[in-house]
Amino acid sequence: MFSIQVDEELEKQFRRTIGELRGTHKGNLKAALEEAITLWLADAKQKFDKVIKETDDIRKRLERQSEQLNNNMAYLKINDSHRSICDPEFDNLLRTVRTSLEESQKSLKKIDLRYLELKNKL
């Protein structure tokens, strides 16, 4: 059972519209409020599901990116043992891939935390 106060003009408009659409019969206000709450909940769930799907899609993209960076890192480490002793370009490339991989992994952790927060709100 709710006991709330809403904007007076909103309430008048709501009651007037109920009267126009359903008549002034007993129970129409309750039925209209229940319908409004049901519609609001369905809309909120739809928006929430969309956020979860978008979060899941981002997570999948980051996982693929992380996997690709891991493969690049492994490839570079293999080639690292065959390269000449001083190769600044190679060192810069290795550093760039390592930094990208770390950033990707941090992003994945943040998304995992946000994803869990959203799922727990269900």
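The values are calculated or read from the model by the stated rules, or taken from the named source; none is laboratory data. Because the structure is predicted, anything quoted here is derived from the model rather than measured. Neighbour counts are summed over all protein chains in view; Cβ atoms, including those assigned to glycine, are modelled from backbone coordinates with ideal geometry.
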- Item | Hits in segment 15-65 - residues which are within 30 Å of residue 115 (Cα to Cα) and of a type in the set (Ser, Thr, Tyr) | 38, 55
- Please enumerate the residues belonging to segment 6-28 that are in contact with a helix residue (DSSP H, G or I) (Cβ under 9 Å, 6 or more places away or on another chain) and either assigned to a helix (DSSP H, G or I) or among the polar types (S, T, N, Q) (or both). 14, 15, 17, 18, 19, 21, 22, 24, 28
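Conditions tested, residue by residue: (1) in contact with a Cys (Cβ under 8 Å, 6 or more places away or on another chain); (2) at pLDDT 80 or above; (3) surrounded by 12 or more Cβ atoms within 10 Å (Cβ to Cβ).
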position	(1), (2), (3)
4	no, yes, no
20	no, yes, no
25	no, yes, no
37	no, yes, no
51	no, yes, yes
79	no, no, yes
- Could you give every pair whose Cβ atoms fall below 8 Å, whose first residue belongs to segment 94-122 and is closer than 13 Å to residue 69 by Cβ, and whose second residue is among the hydroxyl-bearing types (Ser, Thr, Tyr) and at pLDDT below 80, counting only separations of at least 6 or pairs across chains? 101/66; 104/66; 105/66; 108/66
